[in-house]
There are 2 protein chains.
Amino acid sequence: MLTIRDIAKKAEVSVATISRFLHPETKHFVHPETREQIEKIIHKYHYIPNQAAQALSKQTTNNIGMVTAFSTDVVKSPYYEGLIAGIIEGIRPFTHDLKWIMIKDEEIQNCNPKELLQKHAVDGVVFLTWRLYPKLIHEIEHHSNLPVVLINDYESTIRSSIVYCDGGNGVQEVCKHFVQKGYKTIGMLRGPEYISLDAQKRFKAFKRAARTLGFRVDPKFLFECQRFDETDGYQAMKTWIENQKLPRAIFCANDDIARGAMHALQEKNISIPDQIAVAGFDDSIRSESLNPSLTSVRQPLEAMGRAAVQALINMITKKAKSPIQIRFEPELIVRQST
Amino acid sequence: MLTIRDIAKKAEVSVATISRFLHPETKHFVHPETREQIEKIIHKYHYIPNQAAQALSKQTTNNIGMVTAFSTDVVKSPYYEGLIAGIIEGIRPFTHDLKWIMIKDEEIQNCNPKELLQKHAVDGVVFLTWRLYPKLIHEIEHHSNLPVVLINDYESTIRSSIVYCDGGNGVQEVCKHFVQKGYKTIGMLRGPEYISLDAQKRFKAFKRAARTLGFRVDPKFLFECQRFDETDGYQAMKTWIENQKLPRAIFCANDDIARGAMHALQEKNISIPDQIAVAGFDDSIRSESLNPSLTSVRQPLEAMGRAAVQALINMITKKAKSPIQIRFEPELIVRQST
DNA sequence: ATTCTTAATGTAACCGGTTACATTTTGGAG
DNA sequence: CTCCAAAATGTAACCGGTTACATTAAGAAT
């Protein structure tokens, strides 16, 4: 493996000159002739600077971290799918490498940000939280100066940037749509609120919508799923069907729950949307291809992922002096299911 | 930031002793009392060794790379979804970090393995190829000694380990199933064969199945989709419907294509499976929740991802002396669509 | 008490870059 | 021709670990 000293010798200049050549952005001048000479040698020997050495001396890693829980569920969720796709897209123009940092459950509790992040060698991180990490974020903000971007988690932070989508508006839109269609009884399959801020917010927004639009929230048409997934939606709806208490329309905290609910309804040949209308949240790619296709609220996940990376790199390169908040608006996509 | 020298001073020992303490696996003895003392100091000051410095002096990065094309489509495909989930799971027991290395299209052509991989600082890589990278692999194998594991790509390699699933068997099973059901005319929506080895293999296996099972491959019931996605399946099937040439059963090169095809059929109220049976390939999580649920061939993607990481780390730690090939068998999942 | 072996620790070179500071070169201006 | 500022380059210390080699301490054998 060739080192910078080898190259310096071959090019008949000093190591400093090579280093300067490698970093034109520092504005240290290298004579055009010398430059050409170095260029030739580097190209001839396929010289590539050693990452570790650069990291050590520059005190910077050129890596950014994408933090998720250590669970295979993550990749399987349309929500993360969208965000990750955006992050991939967003990192494209930069030279940074992407490290996927997965936090194990046991680490969430007694977390030390140094142990957690410093050892992973990153210049900054994007948190794709869906568990609540408030303690960890707090620790990072107070005991380190690591640039952090949070996605859809805009509470109690001081120096982290935040990219979020105001889902509340989306919920409002769904309910307005239901009311306009003349559906009187509207139920909700809620998400796991002890775990997810989003789940909490969606339910709050639902109650708010009831107030502003003037429909009643009947407790017998409410159910809190333990997970954001299909099985839970299926089970919940099955129970309702058996107990013969069905609303005219149902808003599900996400598409997976909605899909499960539809499944249960179709098993009993209950027609969607003629007997009951169903709407989801997230507009995962699959919503469109369901039969009937699913009305849903779209968060611009890819755009959000892109924005997060952009914001993070601005923080790392000090282009941004202070943390920012970027807000995205959701969009109601009306399809056959309502 | 505390360095090993700071800690050495505080613990009143030399840096070497600290380093030995940090690496018990080297079997260099540290006196129990000293050990205790060091332990206390490290814990008190939350000392964490600097990654870059370790990497530089150990000549090893503690990172493994997951190589994919630089495209957001990757995360959105159930195929990669499964593999990635397996990789995440597989890396769990180890301390290695996971770097997601994305190769841009323009780099695929005139690729230099050093420029591509050395600069990303990894100890080994898993290739989740779906474009053909034969030249790159060849270069890596000949001009570096980087440990490599390939997934579902078992041709022309010399020192890479390979994890693959013999999809051919799965195709055979699908066709056998069709024949047993008494379906005489069997068509296929093929995948993009100029791009994907798998697409090529699935079509070959289809032709082989026709021979061994004794059904005819009618060119008018064949179509090569340009991408492994829903839109292509939809378009292809729509065209067939318009031209009134439909087989009794159709095998699709993957689930996305199948989903698109089903969509087109349902639009025209053609009953599945009564008028036409549809089978897919991959058994993505969504296949089950389609209506009707989709018969499909399951590759044990997660297990494959896990195996790949395991194999790679064995290569890195020299536990494996020579490259290995791990073969998985696909499984036919029969559902409503056939 | 002396010698030998092994355990425990210390010293300093090394990994391969970056960069502060020093030095030499270059091209006007006076 | 001299002087000076700016450009170009060189020297060597430094980043924070690891480890070969040297040294000291401890315990056993003679």
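The values are calculated or read from the model by the stated rules, or taken from the named source; none is laboratory data. The model shown is predicted, which means the values in this text are computed figures rather than measured ones. Counting neighbours? That spans all protein chains shown, and the Cβs are built from the backbone with ideal geometry, glycine included. Surface accessibility is based on the protein's heavy atoms, side chains included, excluding ligands, DNA and RNA. Shrake-Rupley method; radii C 1.70, N 1.55, O 1.52, S 1.80 Å.
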Exercise. Could you list, in sequence order, the residues of region A:223-239 that are without any contact (Cβ under 8 Å) to a residue 24 or more places away in the chain and closer than 18 Å to A:TYR183 by Cβ?
Worked result: none
Seminar exercise, completed: Picking from A:GLY90, A:GLY182, the residue that is at pLDDT 80 or above, farther than 19 Å from B:TRP100 by Cβ and out of contact with any Asp or Glu (no Cβ under 8 Å at 6 or more places or on another chain) would be A:GLY182
For this session: Check off (1) within 9 Å of DNA strand D (Cβ to nearest atom); (2) within 27 Å of A:LEU98 (Cβ to Cβ) for B:HIS23 and give me the number that stays unchecked.
Result: (2)
Exercise. Which of the residues belonging to region B:76-94 are over 15 Å from B:ASP255 (Cα atoms), surrounded by fewer than 22 Cβ atoms within 10 Å (Cβ to Cβ) and at the interface with chain A (Cβ under 9 Å from one of its Cβ atoms)?
Worked result: B:ALA85, B:GLU89, B:ARG92
Exercise. Of all the residues that make up region B:284-329, how many are more than 14 Å from chain A (Cβ to nearest Cβ) and either in contact with a Pro (Cβ under 8 Å, 6 or more places away or on another chain) or open to solvent by 30 Å² or more (accessible area, probe 1.4 Å) (or both)?
Worked result: 20
For this session: Go through (1) in the same structural domain as B:LYS119 (by TED's automatic domain parsing); (2) modelled with pLDDT of 95 or more one by one and return the number of the condition B:ALA85 breaks.
Result: (2)
Problem set entry | Test: residue in region A:124-133 that is of a type in the set (Gly, Ala, Ser) and assigned by TED's automatic domain parsing to the domain that holds A:ILE316 | yes
For this session: Filter region B:21-39 down to the residues that are within 17 Å of B:LYS58 (Cα to Cα) and of a type in the set (D, E, K, R), then identify the one that is nearest to DNA strand C (Cβ to nearest atom).
Result: B:LYS27
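Does region A:160-208 hold any residues that are part of a helix (DSSP H, G or I), without any contact (Cβ under 8 Å) to a residue 60 or more places away in the chain and either within 26 Å of the chain's Cα centre (by Cα) or under 29 Å from A:ILE313 (Cα atoms) (or both), and which are they?
Selection gives A:GLY168, A:GLN172, A:ALA199, A:GLN200, A:LYS201, A:PHE203, A:LYS204, A:ALA205, A:PHE206, A:LYS207, A:ARG208.
If you check A:PHE203, A:PHE215, A:PHE223, which single one turns out to be open to solvent by 30 Å² or more (accessible area, probe 1.4 Å) and of a type outside the set (Gly, Ala, Ser)?
Just one listed residue meets the conditions, A:PHE223.
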Problem set entry | Count - residues of region B:55-70 that are facing chain A (nearest Cβ under 8 Å) and free of Cβ contacts under 8 Å to residues at least 40 places away in the same chain | 2
For this session: Kindly indicate whether any position in region B:118-126 is within 7 Å of another protein chain (Cβ to nearest Cβ) and either modelled with pLDDT under 75 or within 17 Å of B:ILE151 (Cβ to Cβ) (or both).
Result: no
Problem set entry | Top-ranked residue of region B:5-20 - restricted to ones that are more than 8 Å from DNA strand C (Cβ to nearest atom) and surrounded by fewer than 17 Cβ atoms within 10 Å (Cβ to Cβ), ranked as nearest to B:ALA52 (Cα to Cα) | B:ARG5
Seminar exercise, completed: Among residues of region B:33-65 being under 16 Å from B:LYS119 (Cβ atoms) and open to solvent by less than 50 Å² (accessible area, probe 1.4 Å), the residue nearest to the chain's Cα centre (by Cα) is B:GLY65
For this session: Please name all residue pairs, on different chains or six or more residues apart, with Cβ atoms under 8 Å, provided the first residue is in region B:16-37 and is small (Gly, Ala, Ser) and the second residue is part of a helix (DSSP H, G or I) and open to solvent by less than 100 Å² (accessible area, probe 1.4 Å).
Result: B:SER19/B:ILE4
Exercise. In region B:95-115, what residues are touching a residue at least 12 places away in the same chain (Cβ under 8 Å) and within 10 Å of chain A (Cβ to nearest Cβ)?
Worked result: B:THR95, B:ASP97, B:LEU98, B:LYS99, B:TRP100, B:ILE101, B:MET102, B:LYS104, B:ASN112, B:PRO113, B:LYS114
Exercise. Picking from A:ALA85, A:ALA52, which residue would you name as being small (Gly, Ala, Ser) and within 16 Å of DNA strand D (Cβ to nearest atom)?
Worked result: A:ALA52
For this session: Of all residues in region A:2-20, count the ones that are near DNA strand D (Cβ under 8 Å from one of its atoms), closer than 28 Å to A:THR317 by Cβ and among the hydroxyl-bearing types (Ser, Thr, Tyr).
Result: 2
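Let's see how each residue does on (1) within 14 Å of another protein chain (Cβ to nearest Cβ); (2) assigned to a helix (DSSP H, G or I):
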position: B:GLN226; (1), (2): no, no
position: B:ILE241; (1), (2): no, yes
position: B:LEU246; (1), (2): no, no
position: B:ILE250; (1), (2): no, no
position: B:ALA258; (1), (2): yes, yes
position: B:ALA261; (1), (2): yes, yes
position: B:GLN275; (1), (2): no, no
position: B:VAL278; (1), (2): yes, no
